[in-house]
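*Asks:* My structure is below; once you've seen it, I'll send some questions.
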Amino acid sequence: MLLPILNYPHPNLHIVAKPVDTIDDSIVQLTKDMAETMYASNGVGLAATQVDVHKRIVVIDVSETQDDLLVLINPEITWYSDEKIVYEEGCLSVPGIYDKVERAARIKVKATNEKGEDYTFDADGLLAVCVQHELDHLIGKVFVERLSELKQTRIKTKIKKMAKRTL
Ligand code: K1U
Ligand code: ZN
């Protein structure tokens, strides 16, 4: 089932997600619906916060063939490199807005999958950027809030103009 995605500046995008205590059928179904929604929107990631579910759940697939889905339940970044990467980010909750954000170039991640198995992995490049972007959503932070106040003001003006055009 496709899930509606909250658009910035919806206030619920600022809710801090709670850890998942039991991976039951409803959580498994949610991860499937999130993956379907991410693929249908041509995204490389989606956090539960974006579909108004405030649990620590993320799906990611940075493969070109869209066949390498990562389900991250209760994800944590356990290490950040000092080396930085600057990447032009987008967000399914902020359509039409792209800007450069600086993040750690390499990270180590731990999470649980939909089968309840704990796993760890190292990430760099787009995967590292995407994990950090999605985990920001889980703490109620949208990527534009990592930009300067001036850029945030300009983005809000642009969003208001785009909303008027679609009325
Ligand atoms: O969280 C989201 O809204 C998903 C977001 C993830 C993301 C993309 C790029 C950098 C960081 C995080 C998207 O998938 S936006 C879609 C998009 O613009 C994109 C798609 C493929 C490669 C790169 C960007
Ligand atoms: Zn996003």
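Read-outs: derived from the displayed coordinates by stated rules, not from any lab. None of the values given here were measured: they were computed from a predicted structure. Note: ideal-geometry Cβ built from the backbone for every residue, glycine included; neighbour counts use all protein chains shown.
*Asks:* Out of all the residues in region 95-136, which are within 16 Å of ligand 2 (Cβ to nearest atom) and hydroxyl-bearing (Ser, Thr, Tyr)? Steps first, please.
*Replies:* Going through region 95-136, the residues within 16 Å of ligand 2 (Cβ to nearest atom) turn out to be 95-101, 103, 126-136.
The answer is TYR98, and nothing else.
*Asks:* Residue pairs, Cβ under 6 Å, 6 or more apart or interchain, first in region 62-79 and at positive phi, second outside any loop (DSSP other than H, G, I, E, B). List them.
*Replies:* Filtered contacts from region 62-79: GLN66/TYR39; ASN74/THR112.
*Asks:* For region 118-135, give me the residue count where each residue is within 11 Å of the chain's Cα centre (by Cα) and free of Cβ contacts under 8 Å to residues at least 60 places away in the same chain.
*Replies:* So the count comes out to 2.
*Asks:* Here is a further query. Would you mention how many residues in region 6-38 are surrounded by 19 or more Cβ atoms within 10 Å (Cβ to Cβ), of a type in the set (S, T, N, Q) and under 19 Å from ASP118 (Cα atoms)?
*Replies:* Adding up the residues that qualify gives 1.
*Asks:* Could you list, in sequence order, the residues of region 44-60 that are within 25 Å of TYR87 (Cβ to Cβ) and outside any helix (DSSP H, G or I)?
*Replies:* Listed by number, the residues that qualify are VAL44, GLY45, LEU46, ALA47, ARG56, ILE57, VAL58, VAL59, ILE60.
*Asks:* Separate question: Find all pairs meeting these conditions: Cβ atoms under 6 angstrom apart; at least six residues apart or on different chains; first residue within region 1-23 and touching a residue at least 24 places away in the same chain (Cβ under 8 Å); second residue within 13 Å of ligand 2 (Cβ to nearest atom) and not in a loop (DSSP other than H, G, I, E, B).
*Replies:* LEU2/THR37; LEU3/THR37; LEU3/VAL51; ILE5/GLN50; LEU6/LEU13; LEU6/GLN50; ALA17/THR49; ALA17/LEU138
*Asks:* Also, quick follow-up: Could you check region 142-159 and list, in sequence order, the residues that are touching a residue at least 40 places away in the same chain (Cβ under 8 Å) and not aliphatic (A, V, I, L, M)?
*Replies:* PHE143, ARG146, LYS151, LYS156, LYS158
*Asks:* Counting only residues that are closer than 21 Å to ILE15 by Cβ and among the polar types (S, T, N, Q), which one in region 42-77 is farthest from ligand 1 (Cβ to nearest atom)?
*Replies:* Result: ASN74.
*Asks:* Could you check region 15-43 and list, in sequence order, the residues that are assigned to a helix (DSSP H, G or I), aliphatic (A, V, I, L, M) and within 18 Å of LEU92 (Cα to Cα)?
*Replies:* LEU30, MET34, ALA35, MET38, ALA40
*Asks:* Could I ask something else about it? Pick out the one residue from THR65, THR78 that is away from ligand 2 (no atom under 14 Å from the Cβ) and either of a type in the set (Asp, Glu) or more than 20 Å from GLY116 (Cβ to Cβ) (or both). Before the answer, list the steps.
*Replies:* Details: THR78 fails: either of a type in the set (Asp, Glu) or more than 20 Å from GLY116 (Cβ to Cβ) (or both).
Of the residues listed, the single one that is away from ligand 2 (no atom under 14 Å from the Cβ) and either of a type in the set (Asp, Glu) or more than 20 Å from GLY116 (Cβ to Cβ) (or both) is THR65.
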